[in-house]
Amino acid sequence: MTTALADVGAVPAARDGALAATATACAHCGLPAAAATDDGPAFCCTGCAVVYRAIRGAGLDDYYAVRERAEPARTTERGYAELDDDAFARVHTKDRPDGTRTVSLYLEELRCAGCVWLIEATPRCLDGVLDARVDIGRGRCDVVYDATRTPLSTIAQHLDRLGHPVHPYRGAERDVARRKDDRIALFRLGVAGAAFMNLMLMAVALYAGLFATMSTADRQLFRWASMLVAIPAIGYAAMPIFRTAIGALRSKAAHVDLPLAIGIVVGLVWGAANVVRDRGEIYFDSLAMLTFLLLVSRYIVSRSHRRAAAAAELLWSLTPSRATRIAADGTWTEVPMEAIRLGDRLAVRAGEAFPVDGVIVAGSSAIDAALLTGEARPVAIGVDAAVHAGTTNLTAPVELVATAIGESTRVGALVRRVEELSLRKAPIERLVDRVAGKFVLVVLTAAIVTVLAWGGATGVEHAMSLLIVTCPCALALATPLAVTVALGRAGKAGVLIKGADALERLAHPGRMVLDKTGTLTVGKPAVVTWVGPTEVRAWVAAIERGSAHPVARALTELGEPGPIATEVVEVRGRGVRGRVDGHALTIGAPSWLAEELDLTPLADELAAITGRGETPIAIAVDGVATAAVGIADPLRPGATEALARLRALGWRPEILSGDHPAAVAAIAAQCGGLPARGGQSPEDKLAYVTAARAAGPVAMVGDGVNDAAALAASTCGIAVAGAAEVAIEAADVFVRTPSIGAIADTAAGAQATMATIRRNLKVSLAYNLIGGTLTVAGLIHPLIGAVMMPLSSLSVLTSSLRSRAFREVP
Amino acid sequence: MTTMYVIMILALVGAAGMVAAFFWVVRSGQLDDLDTPPRRMLLDEARPRREPRA
C-alpha cells in the first residue's frame, strides 16, 4: 500500500508518515486489509475470513507452513444439496464392493502443494471420508466416502470452505481414453530408452574394437546382438513417426516426420544388410538415440497440450448436469440436460447454477456471475434479464425460458474456442514442416546423384550413408526442445503459457491493450490525496472503521486505531457522521456537505481532486469544512518501469477500460501519457480489439471476463492473477504474479525463445549441410558420421538449455 | 570366448527385465499423474496422522 502510494507523484500530501503504519496484512493471504474490529486477525475480504476460520477450525494450521504462495481465497458458501440427489449419484458416483462410494470432483483454485495437503487431509476432518486424492494438473479430486455417514454435500461444503469451490467432474471418460494414449507413449519411450542405452554399450565395444584387435567372432556377436535389439525396439518405438510419415505421403503434405522416417528405415535396413554382409557401418546406436530424444521431446510437448485441452473441459464441469423443467400444467420435473429443448421453461432455485442461457420470465434474484465476468459482486436480475449457463442464482428462485443450450451457450462457445486454440499448430512448427518437405526432395535428389556419380556398390553405400547422416533429428528437436525449456522455466516463475504458438504470438510485438483495473492498478480504492490538518486523520479513520463500504475501507487507512468514535450514523450513498474526541465530524460527498455548510474554503482543493479523476470526499469538523480527500485506485508499484520495458521490446501499450473516462485519463497520465479509452463495455472492447487486429498483432491483458471475449479475439490474450477461471481459460498466457512487470518479463522471454528456435534451426541445417556434403564426396569416415549425428542433436539441446529465455523472470 | 556369449545373453535378459518392470510401473498407473506427487512428497512431514475416531 505504501509503495503503491509512493508511485503516485502528483500527491505529495499523501506521503505523510501516518499512512505507512496503518496497513494491516490479511491473516490469510497477506494482502493489505482493513484493521480488525475486535482483537482477532484482520482480513482483506470475506473469502479469506471464511477460509482462514475453516482451516483453523479443522486444525489444519500447518497449511500456512506448507503452501507455496498466498492468494486471496474464494468461497461460495453454497449448500451443495443437489449433490445428495439420487440422480447425481447415478451419473457421477461409483459404488465400491465394501459399500463405500467414489466420486470425481473438479475443484477450483488448485494451485500448489498447500492445496494438495489441505484437501488430502479431509479424511482426518470429516467422519466417513476414507480417502481424497488430488490430481493437480487436471484440477481433479477423487474422494472415497461412506454415504451413510457423510452426505456428499457435507464434503463439498467442507472443500468449499477451504477455498476450493466444488463441481462434478465431467471429463472422466475422456481421461480414460487419454490415459491409454499416454501410457502407450510411455511404453514406446521406455523401449526406446532401454534400446538406446544397451545399443550404446555395444557400440562402445565395437568402436573400441576399431582401434584394438577384435576377433571376427566377437565383432559378429556384437553386430548381430545390436541388430536383434535395434530392429524390434526401434520398429516399435518409432511407430508413430512412421504412421505420420505415411499419412504425410498420402496427403502429399510436408511434415518433418517424413525425412525422419526415411532416415530411420534406411538406417535399419542398411545396417541390417551390413550386419549380414559383415562389412560397412551399422547405425543402430545413433538411430535409437534419435528415436529416444524425439519421443521424449514429443511426450513433454503433448503433456503441455493436454493441459490446455483439459482446461477446456473443466469449464463444462462448471455448468450443472440437470435442470428443473416446468411443464405446461405447472408441474416441476427434474430432467437431465440432454432433454432440455430451446424455449423450455425452467426453474432455478436459490443456490443453483443456471443450466442454460436464457431470459428470466418470473421472479427476481441476484446472481453470481464470477465464472463469466470475474466480478465477485452479486448482480441483481429481474424479469427480461438475460442469464448465462454456469452463473449461480443466489437469493431467490426464478423461472426462465431457455434461449441457448449446450454448446451454443456462452460457456459452450468459450470451451470450443479454447479447444480450437489448443489444437492449433504454431507457425514456426509449420515452417519446420515446410523446410522438412524441401529437405526430403533435396536429400533424395542428392542420393540419386550420388549413386549415379560414384556408380555401383560404392555409390549405393555413399547414398545410404547420406540418407542416414542427414536424418534431420536436430531439425525435429529444434522447436520442441526450445519451447519445452521455455515453458518449464516460465511455469516455475508463475507464468502459464499454452503451447508453442502462444509463445510465438507473444514474441511478435504490436499493440498491447491493457485493462486498467487489476493490471496497472492495485484494484482497490485508496486515499491518494489528503489536504488538511494531520490530527483529523485519526478521527476520520476511527469513524469509518465500522463501515464495509470500499471508500470507508480506504479512509480507515488514514490513521492508527486509537480514538473511539461514538454516535456514528451512516447516510447511505452520501457519507457518515460521528463524534470523536469531543468533535463532531461529517465525512462524505462534497454535494452532501454543501447542503448544510460552507465548502468554499475547500473549493480549490476539491476541484483539483476532481480534475485528476479522483473521487472527492469532504470532511467538516464541528461544522467547519476542514479537509479534502481524493480517493482513487493507485498504480501498481513498478508499473511505469514495466511499461518502459514493454516499449523497448517493441510493444505499444494502451489502456482500454470500463471505468469512468476521467479516472482512466488520470491513470494514463501517471503512466506517462498512454493512449487511453474509458467507459468501454465488453462489446466495445471486443469490437476495438477485432478492429485493431486488422492492422497488426494485438495482445490483450485483462482479468475479468468482461474481458474474456476480447482476450479470445486478440492475437495473444494474457490473463493476470486474480482473473476469473474463464478468463484464464480464454487467454493464451496466464501470469500469476499480479504485476505489469511480470508481463514485460514474459514478453521478453518469448522473444528470447524465438531467437533460440531460429538459432537451433540454423545449427541443425548447418550440420546436415556439412555432413551431407562430406558424405556425398566420400570424404567422411563412418565413425565420424556416427559421431556427427548425435552431436547435432546435442548442440541443439545445449543451445536450448543455454537460452536466456525466462532466466530473469522474478 | 564363450563367456562373452553368456554375458551378452545375461545382459539382454536383464535389459528385457527392466523393460518389463517399466511396463508394469506404467500399467499400475504410477506415471499417470506427474504433477501432484512431486508436491505431495514435500508434505510428508506435515501430513497429519490419521487418528482413530470413536
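Readers should treat all values here as calculations from the given coordinates under stated rules, not as data from a laboratory. Given the structure is predicted, the values throughout are model-derived calculations rather than measurements. Don't worry about glycine lacking a Cβ; one is built from the backbone with ideal geometry, like all the others, and counts go over all protein chains shown.
So if I take the alpha carbon set of the stretch B:1-41, get Rg, then get Rh from the Kirkwood formula, what is the Rg over Rh ratio? Walk me through the intermediate numbers first.
Values: Rg = 16.6 Å, Rh = 12.5 Å.
That ratio equals 1.33.
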Sorted largest first, the C-alpha extents of chain A along its principal axes in whole angstrom are 110, 63, 49
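Hey, what number do you get for chain A at 222 nm if only DSSP H runs of n ≥ 4 count, each worth -39500 (n - 2.57), divided across all residues, to the nearest 500?
Working: 30 runs with 408 residues, N = 810.
-16000 deg cm²/dmol, from helical runs alone.
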Amide H contacts under 5 Å for A:Ala584, restricted to residues at least 5 apart in sequence or on another chain and with H modeled in the peptide plane, are A:Asp622
Quick numbers on the stretch A:448-565, Rg and Dmax over C-alpha atoms in Å, give 33.4, 104
Helix A:239-251: inclination vs chain A longest Cα principal axis, degrees, rounded to 10, gives 90
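Nearest-5 percent of antiparallel DSSP beta bridges in chain A?
Working: 75 of 92 bridges.
The answer is about 80 percent antiparallel.
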Neighbour-count ranking for A:Tyr80, A:Tyr145 (other C-beta within 10 angstrom, fewest to most) reads A:Tyr80, A:Tyr145
Against the 2.2 N^0.38 Å rule of thumb, the C-alpha Rg of the stretch A:64-171 sits at a ratio of 1.02
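In the stretch A:505-605, which chymotrypsin sites (Phe, Trp or Tyr not before Pro) fall in coil by DSSP and have 14 or fewer other Cβ atoms within 10 Å? Write out the running numbers ahead of the final one.
Numbers: sites: A:Trp530, A:Trp539, A:Trp592; in loops: none.
When the chymotrypsin sites (Phe, Trp or Tyr not before Pro) of the stretch A:505-605 are filtered for loop state and at most 14 Cβ neighbours within 10 Å, nothing remains.
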The summed charge of the A:Phe354 Cβ neighbourhood (under 12 Å; Lys/Arg +1, Asp/Glu -1) stands at -2
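From Cα pairs below 8 angstrom and at least 6 apart in sequence, can you work out the relative contact order of chain A, rounded to a whole percent? Let's see the in-between values first.
On the way: 1561 pairs, mean separation 95.3, N = 810.
Rounded, it is 12 percent for chain A.
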Restricting to Cα pairs under 8 Å and 6 or more apart, the percent relative contact order of the stretch A:550-686 works out to 15
Relative contact order of the stretch A:124-265 (C-alpha contacts under 8 Å, at least 6 apart) in percent is 14
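Are any of the pairs A:Lys438/A:Lys498; A:Lys498/A:Lys685; A:Lys438/A:Lys492 more than 31 Å apart by Cα-Cα distance, and if so, which? Could the numbers behind the result be given before it?
On the way: A:Lys438/A:Lys498 29 Å; A:Lys498/A:Lys685 23 Å; A:Lys438/A:Lys492 38 Å.
In this structure, A:Lys438/A:Lys492 exceed 31 Å between Cα atoms.
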The stretch A:581-737: antiparallel bridges as % of DSSP beta bridges, rounded to 5, reads 55
Relative to chain A, whose Cα atoms define the longest principal axis, helix A:535-544 and its Cα axis are tilted in degrees, nearest 10, by 80
A correct fewest-to-most ranking of A:His388, A:His583, A:His167 by other Cβ atoms within 10 Å would be A:His583, A:His388, A:His167
In degrees rounded to 10, the 0-90 angle between helix A:216-237 Cα long axis and the longest Cα principal axis of chain A is 40
Per residue, the convex hull enclosing the Cα atoms of the stretch A:440-492 spans a volume in Å³ of 53
Debye calc, one equal point scatterer per Cα of the stretch A:621-704, no solvent, log10 I(q)/I(0) at q = 0.12, 0.14, 0.18, 0.21 1/Å comes to -0.46, -0.59, -0.88, -1.13
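Tell me the net charge near A:Ile246. Cut-off is 13 Å between Cβ atoms, A:Ile246 excluded, with +1 for each Lys or Arg and -1 for each Asp or Glu. List each step's numbers first, then the result.
Working: positive: A:Arg243, A:Arg250, A:Lys252; negative: A:Asp257.
Here the charged neighbours net out to +2.
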Output for the stretch A:106-188: trypsin sites (Lys or Arg not before Pro) sitting in coil per DSSP, at most 16 other Cβ within 10 Å, listed by number, reads A:Arg149
